[in-house]
Amino acid sequence: QVQLVESGGGLVQAGGSLRLSCHASGIIFSGYTMAWYRQAPGQQRELVASITSAGTTNYADFVKGRFTISRDNAKNTVYLQMNSLKPEDTGVYYCRAYYLHLYWGQGTQVTVSS
């Protein structure tokens, strides 16, 4: 059974930082491209950042220079370090795993107050 479990969300003031984690089980983690998506109320889910099995990263323009995605294959975990947070970063952040099959986590809420 595949599970992606996100943690680390919460309430933070603008300019603050949060670190999200996503622990995967039931998959060969090292072979998967991992990504973080987010969804604001009334908005579509959008890609925030991704990291391939080889460690190549990709970022949405709106987080470049502020967010960093990384992975620890020994711990089956992908991280999203979020700095200089803005109120518009508020939303539910989802972890996604992709390699032939696609899996999603349940999401973690991030709220940035002004």
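Overview of values
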item: Pairs, first within 15 Å of THR108 (Cβ to Cβ) in the range 4-18, second aromatic (Phe, Trp, Tyr) and surrounded by 13 or more Cβ atoms within 10 Å (Cβ to Cβ), C-beta under 8 Å, six or more apart; result: LEU4/TYR103; LEU4/TRP104; GLU6/TYR93; GLU6/TYR94; GLY9/TYR93
item: Neighbours by Cβ (under 9 Å, 6+ apart or cross-chain): first from the range 77-95, touching a residue at least 12 places away in the same chain (Cβ under 8 Å); second of a type in the set (Asp, Glu) and open to solvent by less than 40 Å² (accessible area, probe 1.4 Å); result: MET82/ASP89; TYR93/GLU6; TYR94/GLU6; CYS95/GLU6
item: Cβ pairs under 6 Å, 6+ apart, first in the range 48-75 and closer than 15 Å to LEU4 by Cβ and modelled with pLDDT of 95 or more, second open to solvent by 60 Å² or more (accessible area, probe 1.4 Å) and in a strand (DSSP E or B); result: SER50/ASN58; ILE51/THR57; ILE69/THR57
item: Index of the failed condition, ARG38 passing every other in (1) within 14 Å of GLY107 (Cβ to Cβ); (2) without any contact (Cβ under 8 Å) to a residue 40 or more places away in the chain; (3) among the basic types (Lys, Arg); result: (2)
item: Subset of the range 67-89 [closer than 24 Å to THR52 by Cβ, open to solvent by 50 Å² or more (accessible area, probe 1.4 Å) and either in a loop (DSSP other than H, G, I, E, B) or in contact with a Pro (Cβ under 6 Å, 6 or more places away or on another chain) (or both)]; result: ASN83
item: Meets criteria (over 16 Å from VAL110 (Cβ atoms) and exposed (fewer than 12 other Cβ atoms within 10 Å of the Cβ)) for ILE28; result: yes
item: Qualifying residue in the range 42-62 (condition: among the hydrophobic types (A, V, I, L, M, F, W, C), open to solvent by 20 Å² or more (accessible area, probe 1.4 Å) and in a loop (DSSP other than H, G, I, E, B)); result: yes
item: Identity of the residue in the range 1-25, among the hydrophobic types (A, V, I, L, M, F, W, C) and over 18 Å from TYR79 (Cβ atoms), that ends up most open to solvent (accessible area, probe 1.4 Å); result: LEU11
item: Conditions (1) under 12 Å from the mean Cα position of the chain (by Cα); (2) open to solvent by 50 Å² or more (accessible area, probe 1.4 Å); (3) touching a residue at least 24 places away in the same chain (Cβ under 8 Å); number of the one not met by THR108; result: (2)
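The values are calculated or read from the model by the stated rules, or taken from the named source; none is laboratory data. Just so it is clear, the model here is predicted, and its values are computed rather than measured. Cβ atoms come from the backbone with ideal geometry, glycine included; neighbour counts cover every protein chain shown. Each accessible area value is taken on the protein alone, full model and side chains, heavy atoms only, with ligands, DNA and RNA left out. Shrake-Rupley method; radii C 1.70, N 1.55, O 1.52, S 1.80 Å.
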